[in-house]
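To start, the structure under review is shown below, and the notes come after it.
The values are calculated or read from the model by the stated rules, or taken from the named source; none is laboratory data. Note that the structure is a prediction, hence the values are computed from the model and not measured. Neighbour counts are summed over all protein chains in view; Cβ atoms, including those assigned to glycine, are modelled from backbone coordinates with ideal geometry.
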Ligand code: ATP
Ligand code: MG
């Protein structure tokens, strides 16, 4: 086992002297010239308690990787030689997350900062007959055996409380070279668990790292094993790929067989990736997609949420591949993504296909009303991105600046005003909608007096519409 002293300066504390300090300032081995390592409070306590009881304790996995990359990690895993039944009595607030697999979650004490910490016993995984989960796990006292069961070299490093790194598979070197490489024999590792294929693609998208050639060859060879991974899990990884920069892996996705494991409409989306690449002529593939500026301007109160960025990714694929919008909704259902993501993506893809450059004023007014406004804004940004220039977003801004009404609640009169005029029941909502329509058509200005004067006409109009509906309804039933 190779032990890399890190950080190189004097270690700030010894386990016997009580808890480690929360912050280390250390020379980073790669990336930025200096790195501040911050152990969350709960992690400091977990280290301290385990070491005081003469157990080994190491931060492992994504937290170590992300610390070197200067990324903040959302979860912290601690590996130890203590068995779960030895860990449980050491902490007052725990969850027995997966005792069979050796995992106990230690919850923060009141006032502590940081997320819950997963404490997992060093283990070896034996047999993967379902191509996804180990048949059996065997607890061990060897850190290196535990690291050997992990997927990628940069996820197979361990750091002790002093910041010293244990790196038996050259993860740090791979990290420096921005390379994803399987631990041990890549073919055997992907044959054990197909999910590792998607985890590797997802990390390539998130970190913009390349996939080492033998690792990639093994991923392609074993792509069919993705059929053993649940749809939910595939959906989760694809969601993270979409939310990161999937262009980093567009060639892998377009050429690789990964997506063929799912039924329609994925093969179409696969062509969509190729089409995106063709349309951009390779020019923009090295730039991150602009989804972080999907900021719903000019309505800053409507910040784009993370899911909208994922849905925007889907919209681009759908638009490029000419996938019917209903299939985008089906795609979300297939991957257990919320249905509204699919509806949002379908609406944006539809707006992209129906290029706003050619819309007359009246169409703009309706498109900038209610929900559709954000779909149109997203479509303008995405089209400008793909086709170059800022034409559509600037046309959008011009129309948005003179839009008479954004939503029903912006109407200069409301339901109470109509109740005072003697309207009741469903007529109130219908008349308000008719008045909004009149404002959008430019027939009535959005001003209280003008709207109140238009109420009798709007009431007659809605009553006639109801009558027409009833007649049609009667005809249909006749
Ligand atoms: P992130 O938390 O950003 O999703 P991560 O690498 O920390 O990335 P986790 O799911 O938190 O992912 O897993 C923690 C560690 O457990 C990983 O870094 C890796 O060492 C190991 N691991 C997770 N899933 C697998 C797997 N399917 N096969 C092998 N090792 C795995
Ligand atoms: Mg993690």
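Computed values, structure above
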{"item": "Selected residue [in contact with a helix residue (DSSP H, G or I) (Cβ under 7 Å, 6 or more places away or on another chain) and either over 30 Å from residue 57 (Cβ atoms) or in the same structural domain as residue 345 (by TED's automatic domain parsing) (or both)] from 161, 137, 229, 183", "result": "229"}
{"item": "Verdict on residue 146 being out of contact with any helix residue (DSSP H, G or I) (no Cβ under 6 Å at 6 or more places or on another chain), crowded, with 18+ Cβ neighbours inside 10 Å and part of a strand (DSSP E or B)", "result": "no"}
{"item": "Verdict on residue 69 being buried (at least 17 other Cβ atoms within 10 Å of the Cβ) and either in the same structural domain as residue 172 (by TED's automatic domain parsing) or more than 21 Å from residue 146 (Cβ to Cβ) (or both)", "result": "yes"}
{"item": "Residue within region 204-218 that is surrounded by fewer than 19 Cβ atoms within 10 Å (Cβ to Cβ), at pLDDT 95 or above and within 16 Å of ligand 2 (Cβ to nearest atom) present", "result": "no"}
{"item": "Any chance residue 184 is modelled with pLDDT of 95 or more and buried (at least 22 other Cβ atoms within 10 Å of the Cβ)", "result": "no"}
{"item": "Residues of region 58-110 satisfying the condition of being part of a helix (DSSP H, G or I) and farther than 15 Å from residue 121 by Cα", "result": "62, 63, 64, 65, 66, 67, 68, 69"}
{"item": "Check on residue 128, at negative phi and within 16 Å of ligand 2 (Cβ to nearest atom)", "result": "no"}
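Here is a yes/no grid of residues against (1) within 24 Å of residue 319 (Cβ to Cβ); (2) in contact (Cβ under 8 Å) with a residue 40 or more places away in the chain; (3) in the same structural domain as residue 348 (by TED's automatic domain parsing); (4) touching a helix residue (DSSP H, G or I) at 6+ places or on another chain (Cβ under 7 Å):
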position	(1), (2), (3), (4)
368	yes, no, yes, yes
375	yes, no, yes, yes
383	yes, no, yes, yes
395	yes, no, yes, yes
419	no, no, no, yes
426	no, no, no, no
